[in-house]
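The values are calculated or read from the model by the stated rules, or taken from the named source; none is laboratory data. For clarity, every value in this text was computed on a predicted model and none was experimentally measured. Neighbour counts are summed over all protein chains in view; Cβ atoms, including those assigned to glycine, are modelled from backbone coordinates with ideal geometry. Surface accessibility is based on the protein's heavy atoms, side chains included, excluding ligands, DNA and RNA. Shrake-Rupley method; radii C 1.70, N 1.55, O 1.52, S 1.80 Å.
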Amino acid sequence: MGLELEPLFQAWSYFRRRKWDQCSDLCSQLLKKPPGEQVARLGRAAGAAAWSLKTRALTEMVYVDEIDMDQEGIAEIVLDENAIAQVARPGTSLKLPGTSQGGGPSPAVRPVTQSGRPITGFVRPSTQSGRPSTMEQAIRTPRTGLTARPITSASGRYGRLGTASMLTNPDGPFINLSRLNLAKYAQKPKLAKALFEYIFHHENDVKNALDLAALATEHAQFKDWWWKVQIGKCYYRLGLYREAEKQFKSALKQQDMVDTILYLAKVYLRLDQPVTALNVFKQGLDRFPGEVTLICGIARIYEEMNNISLAAEYYKDVLKQDNTHVEAIACIGSNHFYSDQPEIALRFYRRLLQMGVHNCQLFNNLGLCCFYAQQYDMILSSFERALFLAENEEETADVWYNLGHVAVGIGDLNLAYQCFRLTLINNNDYAEAYNNLAVLEMQKGHIEQARALLQTASSLAPHMYEPHFNFALLSEKVGDLQRSYTAAQKSEEAFPGHVDTKQLLQQLKEHFAML
């Protein structure tokens, strides 16, 4: 017809439109043609261009931004050899976030994770769990997206990601890395960069990627900042954080880039040096004033260190630069809700709704805000929509748990009981539901059932003070003073500022003194 696109240009068009599969298939067809036909139709560089384009397409299929994706498994947490100080100074460690209270609400108002951090308004890899203090606690922690991170180490997860991507090519790997002459490709900068990203992201072969990056940066006479950043990423993946730090610092001396600053701060956070990470971000803001990702990074660190008021200020700064930033709006809304300002929180969540965010969590939060702001006409419709949009059993459990709270608030304890039971049907590891069911059983006079439920809750969530305190109160009522004292001590350890726990401990000490 004379209207057909030139094949290589067609493949490039597919790539630009993010149609990776079509781009890869078309490049494969071009590469299968005899060399003479390729030269005749496409020119001498056609083979290299098609090869490079297919490499980039396969990489984009499995590409995940290294900056935001960061999860620590048990291997990284418990077998951590990079601990600088075992007893950190107050306000200098993420492992002891309770040491830096910044005017935020107490655990009596705002729930906390097992590390002692307050629950944030936006789920990120770093907020999905706390650091278990022992191997036993890490293994016993329920594996849900709300309270725990995966059992396997991060390196194992990267491996699974890499092997799953092999399904894109049923004939085997596109590039046989064991037969590749890395030194030859390192001398061709344009091909080398595409090949590095393919090896690093698609094949997940960090060692070969590091070898290629080292040869390429040597060929560039150590003047190419991009290769230094890639070497730093490889070192970070391998757990060599100090070497990664040197590479990122060297890259920053040659070229100021926001991504490099974010990578360097990530290294310091993994080394549990949040104050140094904050300094890196603030120095970056001097060079890139108003950069949203840097301001947001500062806000996240303050939030993880329990300095809620400063975190809220920085999130507001984020909104001054980008008033559609979902994370900042969600976190400020969450902060207002737990600061007993549900009406203001409702405005922030409505803003998210207007922006097109349409998920279970948002309607769940809207329902709670409406209830506490006494806008009763919208409560049930919000929760109904949340149940309809729930994508998994954990989200459904959250909605039923909050409906249980609403039922308690209006005095319908039978409905509350049913809601909490439905919560446990959907998520059998929901410690808060076990605790609330135990309270309802205590009101009915079912002591043994209440005791069993509270023991389950305290074993599932040892970081929560409520099950320990309720168990102590129940044991004290039935005359089991020793168990009551032990549970009260655990409650005080989880929440040192709880007045009722202190009063109970004082009463028990007086009882023991009389004996």
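Separation of the stretch 449-515 from the stretch 400-428 is 24 Å, based on Cα centroids.
For the stretch 188-198, backbone phi angles converted through the Karplus equation (6.51, -1.76, 1.60; θ = phi - 60°) give residue-by-residue couplings of 10, x, 5, 6, 4, 5, 5, 5, 4, 5, 5 Hz, Gly and Pro being listed as x. For Asp259, the solvent-accessible surface with a 1.4 Å probe is about 80 Å², rounded to the nearest 10. Positive end of the dipole of the stretch 402-488 (Cβ unit charges, origin at the Cα centre): among Tyr485, Leu403, His446, the Cα lying farthest that way belongs to His446.
Computed with a 1.4 Å probe on the full set of protein chains, the accessible area for Trp226 sits at about 50 Å².
Taking the solvent-accessible surface of protein heavy atoms with a 1.4 Å probe, what is the per residue accessible area of the stretch 367-509 in Å²?
Details: 7120 Å² over 143 residues.
Per-residue value: 50 Å².
Per-residue SASA remark: Phe9, around 120 Å² accessible (1.4 Å probe; ligands, DNA and RNA not included).
Full extension of the chain between Leu389 and Phe9 yields a length gain of 132.6 nm, computed as 0.36 nm times the residue separation minus the alpha carbon distance.
The candidates Val478, Val258, Val267, Val439, arranged from most to least accessible area with a 1.4 Å probe in the full protein assembly, appear as Val478, Val439, Val258, Val267.
Legend: residue pairs Lys184/Lys233; Lys32/Lys207; Lys477/Lys502; Lys249/Lys282, Cα-Cα distance threshold 20 Å; pairs beyond threshold, Lys184/Lys233; Lys32/Lys207. One way to sum up the overall shape of the stretch 429-514 is the equivalent ellipsoid from its Cα gyration tensor, whose semi-axes run 20, 15, 9 Å, largest first.
Here the Karplus curve 6.51 cos²θ - 1.76 cosθ + 1.60, taken at θ = phi - 60°, turns the phi angles of the stretch 500-515 into couplings of 4, 5, 4, 5, 5, 4, 5, 4, 5, 5, 5, 4, 5, 5, 5, 5 Hz, with x standing for Gly and Pro. With viscosity set to 0.692 mPa s at 37 °C, what whole-number translational diffusion coefficient in µm²/s follows for the stretch 318-422 from Stokes-Einstein and a Kirkwood radius over Cα pairs? Once the numbers are plugged in, D ends up at 233 µm²/s. Of the residues Leu278, Ala186, Ser309, the one whose Cα sits farthest towards the positive end of the charge dipole of the stretch 183-360 is Ala186 (charges of +1 on Lys and Arg Cβ, -1 on Asp and Glu Cβ, taken about the Cα centre). Note on the stretch 183-360: with neighbouring protein chains present and a 1.4 Å probe, carbon and sulfur make up 49 percent of its accessible heavy-atom surface.
Determine the alpha carbon to alpha carbon distance for each of Lys223/Lys320; Lys223/Lys266; Lys54/Lys316 and list only those over 31 Å.
Details: Lys223/Lys320 37 Å; Lys223/Lys266 24 Å; Lys54/Lys316 43 Å.
Where the Cα-Cα span goes over 31 Å, the pairs concerned are Lys223/Lys320; Lys54/Lys316.
Extending 7 Å from Cα along the Cβ direction at Asp322 and again at Lys207 yields two label points whose distance is 3.8 nm.
Please arrange Ile295, Ile425 by accessible surface area, largest first, computed with a 1.4 Å probe and ligands excluded.
Ile425, Ile295
Relative contact order, whole percent, for the stretch 429-514 stands at 22, derived from Cα pairs under 8 Å and 6 or more residues apart. Calculated accessible area for the stretch 183-360 comes out at 43 Å² per residue, all protein chains present (probe 1.4 Å; ligands, DNA, RNA ignored).
Compute the FRET efficiency between Gln375 and Arg18 as 1/(1 + (r/R0)^6), taking r as their Cβ-Cβ distance and R0 = 41 Å, and round to the nearest 0.05. All intermediate terms of the calculation are to be shown ahead of the outcome.
Numbers: r = 42 Å, r/R0 = 1.02.
In this case the efficiency is close to 0.45.
What you get for the stretch 377-515, charging only the Cβ of Lys and Arg (+1) and of Asp and Glu (-1), is a dipole of about 580 debye around the Cα centre.
R0 = 35 Å: FRET efficiency of Gln489 with Asp340, Cβ-based, nearest 0.05?
0.70
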